[in-house]
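Each remark here refers to the structure printed beneath this line.
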Amino acid sequence: MEPKQIKEGYLVKKGTVLNSWKVVWVVLSDDGLEIFKRKADSASKGMIPLKGAVLTSPCQDFSKKTLVFKLSTTKNQDHFFQATHMEERESWVKDIKRAITCLQGGIKFARKSTRRSIRLPETINLSELYILMRDQEDGVKEQKLEKEKRVYNHCFTGGTVVDWLISKDKARNRPEALMLATGLLNEGFLQPAGDMSKEGVEGGAVSTVLDEPNALYYFADSGFFCEGYSSDEDVIVKEEFRGNIIKQGCLLKQGHRRKNWKVRKFILRNDPAYIHYYDPTKGDEYPLGSIHLRGSVITAVEFVPDAKRYDVDGNLFEIITSDETHYFLQAATSEERKEWIKAIHTVSKTGK
């Protein structure tokens, strides 16, 4: 029987010979991961068998890459993959682990129910807890906080985390909440933002998350950034990043000059209305470019007149900005295209 395809999408993969990280198209079936250089390629670069494999997530082998997971085969080969945001990593990890379990048990792949109980089980699932904390309505609220002549955007205090864990019955008291928050920090879900919180991590205490008003933290895949008091021009640039993240992920983008297509990570923010794009193999500190979406027109298109190099027919859409600049993008699936068009359209109408 042909292997059942479970999932596909873009991931960043570390080279097995060279140490470079490159974007690849990954197809998960019930018996392996197949790697393609491009989505349009018919021949794969190779297949990683899942039988007897071990998945490690989060993988902290790379200090500056917080969204990495590792797949180790029975031949002692380690394969490292990086997702673009936390929810994406957890989705891949969950399906790969389930595929390995089903393969070992000789049963057909089937996703377990994602229904969550009110209370966490005795064996605490930090991934599920993190998802609850990131909930826009009922999770930990991100703030803009000013400390020691610096402004920290999209962050919160250690005390805020402790208060939330207790209020949601995830911990019985503050010491227990601090231990739980430390687990989230150690697994890479939380990151220290200021000098005090960084000193707490380096101090080697039992609880590295500090229940202090000056100890600041942020979500690993949030829009966090820190700024000092600077010029008016710099403030205007920083203004682009103040909005909440509405959607993020990889898309193919056509270049304006060479007209070639490359995979970019996109982060859509709502107020002000901006979408920034990045090299997914690098960090999110410096975007390659930004698109101001206020007053933009977003439509699905069937072809791009001057497309080169790649077969990009299907799942295409176009953004036309208020100054009539055209951007052509391609989603991985028709459903993903609908989601991006809807999200960008909403932001273009509501964001300033």
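The values are calculated or read from the model by the stated rules, or taken from the named source; none is laboratory data. Fair warning: this is a prediction, and the values are worked out from it, not measured in the lab. Here Cβ is always computed from backbone atoms with ideal geometry, including for glycine, and neighbour counts include all displayed protein chains. Heavy atoms of the whole protein, side chains included, go into the accessibility calculation; ligands, DNA and RNA do not. Shrake-Rupley method; radii C 1.70, N 1.55, O 1.52, S 1.80 Å.
Here are some notes:
- Counted charge near LEU210, where neighbours are those whose Cβ lies closer than 11 Å (Asp, Glu -1; Lys, Arg +1): -2
- The C-alpha atoms of segment 252-294 occupy a region whose extents along the principal axes are 31, 23, 14 Å, arranged from largest to smallest.
- Pairwise alpha-carbon distances in the chain exceed 31 Å for 41% of all pairs.
- Taking label positions 7 Å along the Cα-Cβ direction at both LYS198 and ASN186, the computed distance is 2.3 nm, reported to one decimal.
- Computed on segment 126-226, the Cα convex hull volume stands at 86 Å³ per residue.
- CYS226/LYS259 FRET efficiency (R0 35 Å; Cβ-Cβ; nearest 0.05): 0.40
- Computed [θ] at 222 nm, helices only, for the chain once each DSSP H run of length n ≥ 4 contributes -39500 (n - 2.57): -7500 deg cm²/dmol
- Estimated Rh, segment 239-350: Kirkwood, alpha-carbon pairs, angstrom: 14.1 Å
- In sequence order, calculated HN-Hα J values of segment 213-224 (Karplus, 6.51, -1.76, 1.60; Hz; x Gly/Pro): x, 9, 8, 10, 9, 8, 6, 4, 10, 8, x, 4
- Of the residues LEU67, THR333, GLY200, the one whose Cα sits farthest toward the positive end of the charge dipole of the chain, with +1 on the Cβ of Lys and Arg and -1 on the Cβ of Asp and Glu, is THR333.
- In this simple spin-label model, placing a label point 7 Å from the Cα along the Cα-to-Cβ direction at both LYS342 and SER290 gives a separation of 2.7 nm.
- Label point at ASP61 placed 7 Å out along Cα→Cβ; residues across segment 19-48 whose backbone nitrogen lies under 15 Å: 19-22
- For segment 239-350, the Cβ-based charge dipole about the Cα centre amounts to some 200 debye (Lys, Arg positive; Asp, Glu negative; other atoms uncharged).
- Annotation: amide H-H contacts under 5 Å for PHE225 (H modelled 1.01 Å from N, sequence separation of 5 or more, or interchain): ASN153.
- Taking every alpha-carbon pair under 8 Å whose residues sit at least 6 apart, the chain reaches a relative contact order of 10 percent.
- When only alpha carbons are used to place a centre, segment 161-181 and segment 75-95 end up 28 Å from one another.
- Normalised per residue, the accessible area of segment 5-105 is 49 Å², obtained with a 1.4 Å probe and no contribution from ligands, DNA or RNA.
- Between ILE48, PHE80, LEU288, the Cα set farthest toward the positive side of the dipole of the chain (charges on each charged residue's Cβ, about the Cα centre) is that of ILE48.
- Share of carbon and sulfur in the accessible heavy-atom surface of the chain [1.4 Å probe, %]: 48 percent
- Charge dipole magnitude, Cβ of K and R +1, D and E -1 - the chain, Cα centre, debye nearest 20: 1100 debye
- Exceedance of the 25 Å cut-off in Cα-Cα distance is limited, within the set LYS7/LYS262; LYS7/LYS352; LYS149/LYS349; LYS94/LYS253; LYS39/LYS352, to LYS7/LYS352; LYS149/LYS349; LYS94/LYS253; LYS39/LYS352.
- Per-q log10 I(q)/I(0), segment 5-105, q = 0.11, 0.16 Å⁻¹ (Debye; single scatterer per alpha-carbon; no solvent): -0.29, -0.64
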